[in-house]
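Working notes for the structure below.
We did not get these values from a lab; they are worked out from the coordinates using the rules stated. In this text the structure is predicted, and so the values were computed from the model without any measurement. When we count neighbours, we look across all protein chains shown, and the Cβ atoms used for this are built from the backbone with ideal geometry, even at glycine.
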Amino acid sequence: MSNTGKYVGSISEGDLLYNLDKVGRDEVKNIKISTITRHRNYDAVNINETMLILLSRASNENFVPVVDDSNQFLGIVTRKELLDYFFEHNFMVL
């Protein structure tokens, strides 16, 4: 997220582990988040998108960032949260 709250990208667990391995355990406390190399771009979904779009993105990712019409970061939706929601509400997606 930028200083103004705009979504600029997400850092994955893999990105963190890669950078930890690169600098070593003793230096990890000195790493600034802005210097972590991202190996993948996680495109955000607009809050007004359909559930089909969200499900489509979640099928390929563990999480999907969500933004508003001004590209302000609102949060993330995880694949697990989506699955739990659909199982809890007995939805069928065809």
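Just the residues that are within 22 Å of THR4 (Cβ to Cβ) and not hydroxyl-bearing (Ser, Thr, Tyr), please, taken from segment 65-78. Full working, then the answer.
So the first thing to find is which residues in segment 65-78 are within 22 Å of THR4 (Cβ to Cβ), and the list is 65-76.
Residues satisfying the conditions are PRO65, VAL66, VAL67, ASP68, ASP69, ASN71, GLN72, PHE73, LEU74, GLY75, ILE76.
Do we have ASN46 as of a type in the set (S, T, N, Q), closer than 20 Å to LYS6 by Cβ and in contact (Cβ under 8 Å) with a residue 24 or more places away in the chain here? The answer is no for ASN46.
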